[in-house]
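The values are calculated or read from the model by the stated rules, or taken from the named source; none is laboratory data. These numbers were taken from a predicted model, which means no experiment stands behind them. Cβ placement follows ideal geometry from the backbone for every residue including glycine, while neighbour counts extend to all protein chains displayed.
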Amino acid sequence: MKPYVICHMAASIDGRTLPSRWSPEASASPGLFDRLHEEIGGDAWLVGRTTGQEYAKGSNYPSSTKDVFPREPWLAHRDKAYGIVLDAHGKIVWGRSDIGNDPIVVVLTEEVSDAHLAGLRSEGISYVFGGKQQLDLPLTLDVLNRELSVKRLLLEGGGVTNGAFLRAGLVDEVSLILFPTVDGATGAPAVFDSLEKEQGRSAPVRSMTLESHQVLEGGIVWLRYKLQNE
């Protein structure tokens with residue numbers, strides 16, 4: 001069963017997501033994104049590998065192990081909320097087991113090495129499998145629902161990950177915090193983005209309905225749209 005997926009992001013008025021490039025410099029109360037994240041509510045939040053790497057603190061895992069692990073979910077924690085990271089080929093060395101007190105759950109492919117699984121287990125990091133050689137996003141959502149009881153998921157970037165879910169018809173709602181600032185140039189990720197090989201592939205979105213809008217401090221606008229996919 002697919003969780004209800006809300007893409008929750010903050011952007012400039014041209015849809016760019018790197019605040020360091022915004023002009024004028026964005027001003028808002030500290031923790032605005034997290035505050036609205038909590039207001040929306042969810043059983044878990046999910047990011048891609050590049051965003052997940054920003055939270056990592058480790059340097060390396062052992063390069064080999066004598067252990068052979070079954071390619072099935074391994075859960076170190078059961079909690080009310082999870083930080084889920086897509087890391088298909090096991091690139092991230094964590095050096096931590098939670099992000100903001102939310103236990104990390106890594107989504108891998110079955111071709112990941114036993115040595116990487118041993119490293120995750122040694123740090124108490126849960127993992128599940130979302131495909132054999134590449135991640136199958138519908139399967140990933142089904143596994144998260146079945147194994148972790150995730151019924152409401154906040155999808156929070158980066159843009160390539162968001163775009164992959166959107167083009168797969170898996171995003172049910174968009175929550176966009178729009179700052180009164182602009183990037184104005186190419187080279188920065190967008191709320192929804194793609195790899196070069198996916199250019200020109202449109203999302204199967206039939207309609208978008210504005211569910212709510214709020215003007216927040218400093219002229220920031222919070223928009224929420226429900227999507228109907230084909």
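Whether a residue is in contact with a His (Cβ under 8 Å, 6 or more places away or on another chain), of a type outside the set (D, E, K, R), assigned to a loop (DSSP other than H, G, I, E, B) and surrounded by 15 or more Cβ atoms within 10 Å (Cβ to Cβ) was assessed, and Gly42 does not pass this test.
Scanning segment 213-228 for residues that are part of a strand (DSSP E or B) and either under 23 Å from the mean Cα position of the chain (by Cα) or not polar (S, T, N, Q) (or both) yields His213, Val215, Val221, Trp222, Leu223, Arg224, Tyr225, Lys226, Leu227, Gln228. On inspection, Ala185 fails the criterion of being surrounded by 15 or more Cβ atoms within 10 Å (Cβ to Cβ) and either closer than 26 Å to Gly218 by Cβ or not hydroxyl-bearing (Ser, Thr, Tyr) (or both). Is there a residue being part of a helix (DSSP H, G or I) and in contact with a helix residue (DSSP H, G or I) (Cβ under 9 Å, 6 or more places away or on another chain) anywhere in segment 79-98? So far as segment 79-98 goes, no, none of its residues is part of a helix (DSSP H, G or I) and in contact with a helix residue (DSSP H, G or I) (Cβ under 9 Å, 6 or more places away or on another chain).
Conditions tested, residue by residue: (1) out of contact with any helix residue (DSSP H, G or I) (no Cβ under 9 Å at 6 or more places or on another chain); (2) in contact (Cβ under 8 Å) with a residue 40 or more places away in the chain; (3) on the phi < 0 side of the Ramachandran plot; (4) of a type in the set (D, E, K, R).
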site	(1), (2), (3), (4)
Met9	no, yes, yes, no
Ile13	yes, yes, yes, no
Ser20	yes, no, yes, no
Pro24	yes, yes, yes, no
Ser29	no, yes, yes, no
Phe33	yes, yes, yes, no
Leu46	no, yes, yes, no
Glu54	yes, no, yes, yes
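You will find that of Leu139, Leu117, Leu154, the residue that is under 20 Å from the mean Cα position of the chain (by Cα), of a type in the set (A, V, I, L, M) and in a helix (DSSP H, G or I) is Leu139 and no other. Filter segment 6-32 down to residues that are β-branched (Val, Ile, Thr) and touching a Leu at 6+ places or on another chain (Cβ under 7 Å) and give me whichever is farthest from Gly184 (Cα to Cα). Among those residues, the one meeting the criterion is Ile6. For segment 168-211, filtering for residues that are touching a residue at least 24 places away in the same chain (Cβ under 8 Å), over 22 Å from the mean Cα position of the chain (by Cα) and part of a strand (DSSP E or B) leaves 3. Here Asp193 fulfils each of the conditions (1) modelled with pLDDT under 95; (2) of a type in the set (Asp, Glu); (3) in contact with a Lys or Arg (Cβ under 7 Å, 6 or more places away or on another chain); (4) under 28 Å from Asp102 (Cα atoms) apart from (3).
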